[in-house]
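Novice: Here you go, one structure.
The values are calculated or read from the model by the stated rules, or taken from the named source; none is laboratory data. These figures come from a predicted structure and were not determined experimentally. Glycine gets a Cβ as well: all are built from the backbone with ideal geometry, and neighbour counts include every protein chain shown. Areas reflect the complete protein model, heavy atoms only, side chains present, ligands, DNA and RNA absent. Shrake-Rupley method; radii C 1.70, N 1.55, O 1.52, S 1.80 Å.
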Amino acid sequence: MTHLIYLAAGASRRFGADKLLADYNGKPLFLQGLQTLAAACAGRSDADLTVVTNTPAIAEAARNLGARAVPSPHSLQGQSYSIRAGLDAVGTLEAEDFLLFAVADQPWLRGGTVRRFLDLARPGTWAATAACGDQVGNPGLFCAALVPALQDLQGDRGGRAVLNRCPERLLRVACEPQELRDIDTPADLP
């Protein structure tokens, strides 16, 4: 099983308001990636979707798309808390399970990219990252053996700290440059 975890509980400090609720092409920013992930899971028995959020509108949208929504009460203390909230929601993993973490402020993530990650979730894969040339970013795929390292993350450290431990084992999932872009300030919105 591959558990997709959508991190949508950030503080939006640089944005000045909850950026995930900001309008992007006529709908809230968070909904872009949420719909992409939900569509990638649709009809699959080997993938599910969990959304980590403290925002009622995001939790409702997640449930409406068939995802589980869970809170992250300590997310303001850093990304590691949201990661742990997602891990706690997924529960005990089998050795052959995987986790795919995606962030809600990357609206250009494509379904084909998500499906390529899901195709890599098989025996022999350690981890994978989205990549375009030398640039890497989210999403990130982790085998179940990496869960203890993810649980040990502290503060605002994310999964990249785990992926960087063994770069020679890290697979790269080709994506378009814009898929790696995130929204940090209002000026980042098109």
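Novice: Restricting the count to DSSP beta bridges whose residues both fall in the chain, what percent are antiparallel, rounded to a multiple of 5?
Specialist: Expressed as a percentage, antiparallel bridges in the chain total about 35.
Novice: While we're looking at this one, here's another question. With every protein chain left in place, what is the accessible area per residue of segment 1-157 in square angstrom, probe 1.4 Å?
Specialist: 44 Å²
Novice: For a distance above 17 Å, tell me the whole-number percent of Cα pairs in segment 78-168 that qualify.
Specialist: 49 percent
Novice: Quick check: convex hull of the Cα atoms in segment 6-85, volume per residue, rounded to a whole Å³?
Specialist: Output value, Cα hull per residue: 91 Å³.
Novice: What residues of segment 86-107 lie in the reach of a label at D23, counting those whose backbone N is under 19 Å from a point 7 Å from the Cα along Cα→Cβ?
Specialist: Residues passing the 19 Å test: 107.
Novice: Okay, next question. Calculate one ³J(HN,Hα) per residue across segment 104-111 by plugging θ = phi - 60° into the Karplus curve 6.51 cos²θ - 1.76 cosθ + 1.60, and present them in order as whole Hz with x for glycine and proline.
Specialist: Couplings: 7, 9, 10, x, 9, 4, 9, x Hz.
Novice: Using a 1.4 Å probe on the protein heavy atoms, what percent of the accessible area of the chain belongs to carbon and sulfur?
Specialist: Heavy-atom surface of the chain belonging to carbon and sulfur, 1.4 Å probe: 49 percent.
Novice: Residue separation times 0.36 nm, minus the C-alpha to C-alpha distance between E96 and Q154: what's the value?
Specialist: Between E96 and Q154, full extension yields 18.3 nm more.
Novice: Another question, then. Would you please report the Å³ per residue occupied by the convex hull of the alpha carbon atoms in the chain?
Specialist: Here the figure is 111 Å³ per residue.
Novice: Pick from D156, D88, D134: which is most flexible by mean-square fluctuation in a GNM of the chain where alpha carbon atoms under 10 Å apart are linked?
Specialist: In this elastic network of the chain, the residue with the biggest mean-square fluctuation among D156, D88, D134 is D134.
Novice: If the viscosity is 1.567 mPa s and the temperature 4 °C, what translational diffusion coefficient in µm²/s does Stokes-Einstein give for segment 66-129 when Rh comes from Kirkwood over Cα pairs?
Specialist: 94 µm²/s
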